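Below is one structure, written out as structure tokens; the observations come after it.
The values are calculated or read from the model by the stated rules, or taken from the named source; none is laboratory data. Keep in mind the model is a prediction, meaning the values are calculated, not measured. In this analysis, Cβ positions are derived from the backbone assuming ideal geometry, glycine residues included, and neighbour counts consider all displayed protein chains.
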Amino acid sequence: MTVLDNKVPDGPIESLWDDHKFSMKLVNPSNKRKFDIIIVGTGLAGASAAATLGELGYRVKVFTFHDSPRRAHSIAAQGGINAAKNYHGDGDSVFRLFYDTVKGGDYRSREANVYRLAQVSNNIIDQCVAQGVPFAREYGGLLDNRSFGGAQVSRTFYARGQTGQQLLLGAYQALARQVKAGTVEVVTNAEMLDVVVVDGRAAGIITRDLVTGEISRHSAHATVLGTGGYSNVFYLSTNAMTCNVTAAWRAHRKGAFFANPAYTQIHPTAIPSSDEFQSKLTLMSESLRNDGRIWVPNDPDETRAAADIPESDRDYYLERRYPSFGNLAPRDISSRAAKIVVDEGKGVGPLKNGVYLDFADAIGRLGRDAVADKYGNLFDMYERITGENPYDVPMRIYPAVHYTMGGLWVDYHLQTTIPGLFAIGEANFSDHGANRLGASALMQGLADGYFVLPHTVGDYLAPQLGQPKVDTSAPEFDAAEEGVRAQIDGFLHTKGTRSVDWFHRELGKIMWDYCGMERSKVGLEKALSEIPALRAEFESDVRVLGAADTLNSSLEKAGRVADFFELGELMCKDALVREESAGGHFRVEHQTDEGEALRDDDNFAHVTAWEWTGTPAEPNEHREALDFTNVKLSTRSYK
Amino acid sequence: MNLTLRVWRQAGPDAPGRFETYQATDISEHSSFLEMLDNVNEGLIEVGEEPIEFMHDCREGICGTCGIMINGQAHGPAQSTATCQLHMRSFSDGDELVLEPWRASGFPIIKDLVVDRAAFDRIIEEGGYITVDTASAPDANLIPIPKETADFAMDAAACIGCGACVAACPNGAAQLFTAAKIAHLNVLPQGQAERYQRTEGMVDVMEEYFGSCTNMGECEAACPKGISIDFIATMNKDYRKAKSQNRRSS
Ligand SMILES: Cc1cc2nc3c(=O)[nH]c(=O)nc-3n(C[C@H](O)[C@H](O)[C@H](O)COP(=O)(O)OP(=O)(O)OC[C@H]3O[C@@H](n4cnc5c(N)ncnc54)[C@H](O)[C@@H]3O)c2cc1C
Ligand code: SF4
Ligand code: FES
């Protein structure tokens, strides 16, 4: 076990980033075009990074497996993006956003990164407005804000229920401008299947064209992964169907450490599943908790319709247990509270697998039109899926896997443990600790891409001036390409009996049962024996039809599910060694008398970063110590 | 419920296509249309037939990836609903459904129900943005923008780039998609500087790839986001102005 160096410079946190920007090496404008940079991913993180690096004059090549950069999963974010603008004079500040994020993350994040995030949050809003992002406005023409969980100020900027869409389109359009300018080349329908490492540095990637099946090699002076999160290891999640861990995982297999894989976020407000064919879960934005009240009937045998149940027979359990935050308690806390009442048999709906999110009071107070103006599209979406009209009957919601705080370990420069390989956005582990606050993933993705990476990549590249990039005929490229081809051939030749989806669903069940909202030693050990057994079955019995030289989505999925198996095992391992409860990681053995998460700061105030050893069951553990000098470690209380 | 599907199967861009008939059996009315197709595909894999390729990702009606012609209607029978948000309760037991890819010269078929919509990206690259370098922006509240203007921009910006408008149009025209982006940017104060260049550039590229608009209105009816056809009139007005202005300035 080694202790990792996070490369956080010394100095007061308020000026750390500005001072550091000044001390980092620069590449002068005319030399930038001598450097090639590969970016994988066109979500908020990848697209903003590519556009900015292109603007600066680097030669950028950006890859996405989607058919257009605009389809990245970021497009689906609904609720909003945080910034410390304090436009409403309600006491917000950079320090408060920093403080809330560290606290919300249950004191398991790196202070210096979070402070920087809070600082640049304001630049993000300026940048996006200048690009034409149509944020919601007040009648006076100034920007409107709403509140999100875990905060007592209004700092969330939003564009109806389509904030992610509008921010991504802004970044996509900035990218399109660079394509036109000739600084960025976008390669669509291209899935990265390996990272190539030469002499200990990232030298490039191997991709497969999803339409023609062609495998190709690309080299560059630096490689950046903005490839998103891995919630789909659970099969059912709120993520888009194609979200996967392959890029990050293959980098991990090439030497990039994977940090805190067990930290997953279960979002409290998704539509409960309706049957076993369910392919994904749909999120109902957290913003709904601004005005919706969450409750269940007191009586598990309640049969009356929601509207007929009198106040006295209802349990507004969040308002009761957490009076000061009420329905806006952070996600991890709200989710577990819902699980508790549903486990007690008080769930609502035909499968008794949900809780009510009720707008009757809000409609009474604000009027139906005002509610429709704020949430109309979410209400419509709900009705389309469930066939029920939330203006008349309360919504039914239940927690669902939503976001992964874990990811590739990166230092203050967002560089992984492979020099020259950077990770940004949800793909890295950096800023959210053990629990992410709402509206802060969009902020992080854009902070990384627009405002942090463009500086730190320069510092890495500057000393390499004059050095050519690695030739793609290098033996390391041969080996990587051969590995990719062998895996594809393997899938097509297994000719087993079960579909890729079948295995994915089975893996998802194990992960949800044993590594979901609650984890225990017994359960995790069970998962650690079941996963390898299922993986062995997958390897010998998967059925992938069709050919390699055409569009073949079963073949694509097979590679992704293979990686989910290895990741799932690492997640369980990580959850097992973290003998404490923190944020989204809840170990039943470690809770207070009131059932709240019980941290162990003496033994676990660190990041766990795992090194691949070639055997999924035996990863090497490394640590990064977390120092809290600006925020005092305390027990989170939202009561 | 049980349904009969007649599905367009085409092995590749240059291969001939044909309809194949499949049965979808025991489908829950709560499942989504794409879950019904997942189910059919599982059955196909079981009997050793290649699954039907179709486009999808978010399954929430926002990424714009999905799109199937269902009985001749782009995204199927429900109004303002993308294919992925259609639920089987919109259909009845015993229905026969014909599934085809988007058909338009601007969207070549890749395989089965999957088409290539890269031409949309080409249109955006020709001015579908506001020029502002990272870190050069003034404070976001410096220029107040009336709520009505912001709302109008948002109405236009809601387009998901799915291409249903093109698929529904008898001429395969892309006016609705292009006009929505132009309207979003042209109405905002930030978008004024490049207004006419943008309009001319985008429209000209659009015409390279897509058919001509004859005001049939099918696009608006098919659009899952309710993008208004009025944006097209605004685009045409700006285009005429652009032609004369850009000529003068060149
Ligand atoms: C339903 C939903 C709602 C949300 N709402 C909010 C919200 O309101 N506020 C908030 O702050 N956050 C929200 N989030 C979280 C947030 O949307 C994501 O964390 C964030 O958008 C991730 O951005 P990203 O750029 O890191 O990755 P993504 O947007 O996931 O992009 C990943 C990119 O990488 C590419 N890629 C991945 N692997 C490969 C590969 N192997 N080869 C080639 N390309 C690859 C993909 O094509 C894609 O372009 C929400 C999430 C969900 C699921
Ligand atoms: S205008 Fe409507 S139909 Fe056309 S691409 Fe946009 S969302 Fe799809
Ligand atoms: S799959 Fe994303 S819009 Fe339908």
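With the structure loaded, tell me whether residue B:119 is of a type in the set (Gly, Ala, Ser), more than 18 Å from the chain's Cα centre (by Cα) and within 30 Å of residue A:53 (Cβ to Cβ) or whether it fails that test. Walk me through it before giving the result.
Details: of a type in the set (Gly, Ala, Ser): yes; more than 18 Å from the chain's Cα centre (by Cα): no; within 30 Å of residue A:53 (Cβ to Cβ): yes.
Considered against the rule, which asks whether it is of a type in the set (Gly, Ala, Ser), more than 18 Å from the chain's Cα centre (by Cα) and within 30 Å of residue A:53 (Cβ to Cβ), residue B:119 comes out as no.
What helices (runs of 4 or more DSSP H) completely inside the range B:122-240 contain at least 3 residues that are more than 12 Å from chain A (Cβ to nearest Cβ)? Show your work before the answer.
Details: elements: B:147-157, B:164-168, B:175-186, B:195-209, B:218-222.
Because the criterion is at least 3 residues that are more than 12 Å from chain A (Cβ to nearest Cβ), the helices (runs of 4 or more DSSP H) in the range B:122-240 that meet it are B:164-168, B:175-186, B:195-209, B:218-222.
Within the range B:173-192, identify whether any single residue is closer than 17 Å to residue B:118 by Cβ and within 16 Å of ligand 3 (Cβ to nearest atom), and answer yes or no.
Yes - at least one qualifying residue is present in the range B:173-192.
Identify the single condition in (1) more than 29 Å from residue B:169 (Cβ to Cβ); (2) facing another protein chain (nearest Cβ under 10 Å) that residue B:80 does not satisfy, given that it satisfies every other one.
Here residue B:80 meets the rest and fails (1).
Failed condition for residue B:141, given (1) in contact (Cβ under 8 Å) with a residue 12 or more places away in the chain; (2) at negative phi, with all others met?
In the conditions (1) in contact (Cβ under 8 Å) with a residue 12 or more places away in the chain; (2) at negative phi, residue B:141 misses (1) alone.
Given the conditions (1) more than 16 Å from ligand 2 (Cβ to nearest atom); (2) touching a Phe, Trp or Tyr at 6+ places or on another chain (Cβ under 8 Å), and given that residue B:96 satisfies all but one, which numbered condition is not satisfied?
Tallying (1) more than 16 Å from ligand 2 (Cβ to nearest atom); (2) touching a Phe, Trp or Tyr at 6+ places or on another chain (Cβ under 8 Å), residue B:96 fails exactly one: (2).
Give all pairs with beta carbons closer than 6 Å in which a residue from the range B:219-234 that is assigned by TED's automatic domain parsing to the domain that holds residue B:154 and on the phi > 0 side of the Ramachandran plot meets a residue that is in a loop (DSSP other than H, G, I, E, B) and more than 6 Å from ligand 2 (Cβ to nearest atom); count only pairs at least 6 apart in sequence or on separate chains.
Hits for this filter: B:226/B:80.
Of the conditions (1) touching an Asp or Glu at 6+ places or on another chain (Cβ under 7 Å); (2) more than 15 Å from ligand 1 (Cβ to nearest atom); (3) not hydrophobic (A, V, I, L, M, F, W, C), residue A:269 satisfies every one except a single condition; which number is it?
In the conditions (1) touching an Asp or Glu at 6+ places or on another chain (Cβ under 7 Å); (2) more than 15 Å from ligand 1 (Cβ to nearest atom); (3) not hydrophobic (A, V, I, L, M, F, W, C), residue A:269 misses (2) alone.
Of the residues A:288, A:281, A:318, which single one is outside any loop (DSSP other than H, G, I, E, B) and within 21 Å of the chain's Cα centre (by Cα)?
Details: A:281 fails: outside any loop (DSSP other than H, G, I, E, B); A:318 fails: within 21 Å of the chain's Cα centre (by Cα).
Every option except A:288 fails the conditions.
So for the range A:566-588 (the condition being without any contact (Cβ under 8 Å) to a residue 12 or more places away in the chain, of a type in the set (S, T, N, Q) and not in a helix (DSSP H, G or I)), does at least one residue qualify?
Initial filter on the range A:566-588 (without any contact (Cβ under 8 Å) to a residue 12 or more places away in the chain): none.
For the range A:566-588, residues without any contact (Cβ under 8 Å) to a residue 12 or more places away in the chain, of a type in the set (S, T, N, Q) and not in a helix (DSSP H, G or I): absent.
Being buried (at least 20 other Cβ atoms within 10 Å of the Cβ), over 21 Å from residue A:256 (Cβ atoms) and not hydroxyl-bearing (Ser, Thr, Tyr) narrows it down to one residue among A:628, A:538, A:565; which is it?
Values: A:628 fails: buried (at least 20 other Cβ atoms within 10 Å of the Cβ); A:565 fails: over 21 Å from residue A:256 (Cβ atoms).
Answer to the check: A:538.
Take the residues of the range A:568-609 that are at pLDDT 95 or above and farther than 19 Å from residue A:521 by Cβ: which is surrounded by the fewest Cβ atoms within 10 Å (Cβ to Cβ)?
A:602
Given the conditions (1) in contact (Cβ under 8 Å) with a residue 24 or more places away in the chain; (2) surrounded by fewer than 21 Cβ atoms within 10 Å (Cβ to Cβ); (3) under 30 Å from residue A:182 (Cβ atoms), which single one is not true for residue B:149?
Only one criterion in (1) in contact (Cβ under 8 Å) with a residue 24 or more places away in the chain; (2) surrounded by fewer than 21 Cβ atoms within 10 Å (Cβ to Cβ); (3) under 30 Å from residue A:182 (Cβ atoms) is unmet by residue B:149, namely (3).
Taking the criterion of being assigned to a strand (DSSP E or B), surrounded by 20 or more Cβ atoms within 10 Å (Cβ to Cβ) and among the basic types (Lys, Arg), would at least one residue in the range A:107-117 satisfy it? Can you show your working first?
To start, the set of residues in the range A:107-117 that are assigned to a strand (DSSP E or B) comprises none.
Checking the range A:107-117: not a single residue is assigned to a strand (DSSP E or B), surrounded by 20 or more Cβ atoms within 10 Å (Cβ to Cβ) and among the basic types (Lys, Arg).
Just checking, does the range B:89-100 include any residue being more than 16 Å from ligand 3 (Cβ to nearest atom) and buried (at least 20 other Cβ atoms within 10 Å of the Cβ)? It would help to see each step written out before you state the result.
Residues of the range B:89-100 more than 16 Å from ligand 3 (Cβ to nearest atom): B:89, B:91-98, B:100.
Next, only the ones that are buried (at least 20 other Cβ atoms within 10 Å of the Cβ) stay: B:91, B:100.
So far as the range B:89-100 goes, yes, one or more of its residues are more than 16 Å from ligand 3 (Cβ to nearest atom) and buried (at least 20 other Cβ atoms within 10 Å of the Cβ).
Residue-wise test of (1) among the aliphatic types (A, V, I, L, M); (2) within 14 Å of chain B (Cβ to nearest Cβ); (3) over 30 Å from residue A:218 (Cβ atoms).
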residue: A:67; (1), (2), (3): no, yes, no
residue: A:70; (1), (2), (3): no, yes, no
residue: A:98; (1), (2), (3): no, no, yes
residue: A:108; (1), (2), (3): no, no, yes
residue: A:116; (1), (2), (3): no, no, yes
residue: A:124; (1), (2), (3): yes, yes, no
residue: A:130; (1), (2), (3): yes, yes, yes
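Name every residue in the range A:475-500 that is among the small types (Gly, Ala, Ser) and away from chain B (no Cβ under 14 Å), in order of residue number. Write out each step before concluding.
Here is the first cut: in the range A:475-500, the ones among the small types (Gly, Ala, Ser) are A:479-480, A:483, A:486, A:490, A:496, A:499.
Listed by number, the residues that qualify are A:479, A:480, A:483, A:486, A:490.
With respect to residue A:231, is the statement that it is crowded, with 24+ Cβ neighbours inside 10 Å, within 14 Å of another protein chain (Cβ to nearest Cβ) and within 16 Å of ligand 3 (Cβ to nearest atom) true?
Spelling it out, it is not the case that residue A:231 is crowded, with 24+ Cβ neighbours inside 10 Å, within 14 Å of another protein chain (Cβ to nearest Cβ) and within 16 Å of ligand 3 (Cβ to nearest atom).
Among the residues of the range A:491-543, write down those that are of a type in the set (Gly, Ala, Ser), closer than 23 Å to residue A:278 by Cα and not in a helix (DSSP H, G or I).
A:499, A:516, listed by residue number.
Which residues, taken from the range A:592-639, are among the polar types (S, T, N, Q) and touching a strand residue (DSSP E or B) at 6+ places or on another chain (Cβ under 7 Å)? Full working, then the answer.
As a first pass, look at the range A:592-639 and keep what is among the polar types (S, T, N, Q): A:592, A:603, A:608, A:613, A:615, A:620, A:629-630, A:634-635, A:637.
Result: A:608, A:613, A:620.
Residues in the range A:378-395: is at least one in contact with a Leu (Cβ under 6 Å, 6 or more places away or on another chain) and not assigned by TED's automatic domain parsing to the domain that holds residue A:273?
No, the conditions are met nowhere in the range A:378-395.
Within 14 Å of chain B (Cβ to nearest Cβ), within 14 Å of residue A:39 (Cα to Cα) and either within 20 Å of the chain's Cα centre (by Cα) or surrounded by fewer than 20 Cβ atoms within 10 Å (Cβ to Cβ) (or both) - does that describe any residue in the range A:189-207?
yes
Just need a number here: residues in the range A:366-401 that are more than 14 Å from chain B (Cβ to nearest Cβ), of a type in the set (A, V, I, L, M, F, W, C) and in a helix (DSSP H, G or I).
Summing the residues that are more than 14 Å from chain B (Cβ to nearest Cβ), of a type in the set (A, V, I, L, M, F, W, C) and in a helix (DSSP H, G or I) in the range A:366-401 gives 2.
Tell me which residues, restricted to the range A:329-350, are of a type in the set (A, V, I, L, M) and modelled with pLDDT under 90. Full working, then the answer.
Narrowing the range A:329-350 to residues of a type in the set (A, V, I, L, M): A:329, A:333, A:337-338, A:340-342, A:348.
Scanning the range A:329-350 gives A:329, A:333.
Test residue A:120 against the criterion of being modelled with pLDDT of 95 or more, within 11 Å of chain B (Cβ to nearest Cβ) and not in a loop (DSSP other than H, G, I, E, B), and give yes or no. So that I can check it myself, show each step before the final result.
Working: modelled with pLDDT of 95 or more: yes; within 11 Å of chain B (Cβ to nearest Cβ): yes; not in a loop (DSSP other than H, G, I, E, B): yes.
In short, yes.
Considering only the range A:254-273, state which residues are assigned to a loop (DSSP other than H, G, I, E, B), within 14 Å of chain B (Cβ to nearest Cβ) and in contact with a helix residue (DSSP H, G or I) (Cβ under 8 Å, 6 or more places away or on another chain).
Of the range A:254-273, the ones assigned to a loop (DSSP other than H, G, I, E, B) are A:254-257, A:260-263, A:271-273.
When the remaining residues are screened for being within 14 Å of chain B (Cβ to nearest Cβ), the result is A:271-273.
Selection gives A:271 alone.
Can you tell me which condition residue A:179 does not meet? The list is (1) farther than 25 Å from residue A:36 by Cβ; (2) at the interface with another protein chain (Cβ under 7 Å from one of its Cβ atoms), and all the others hold.
Of the numbered conditions (1) farther than 25 Å from residue A:36 by Cβ; (2) at the interface with another protein chain (Cβ under 7 Å from one of its Cβ atoms), the odd one out for residue A:179 is (1).
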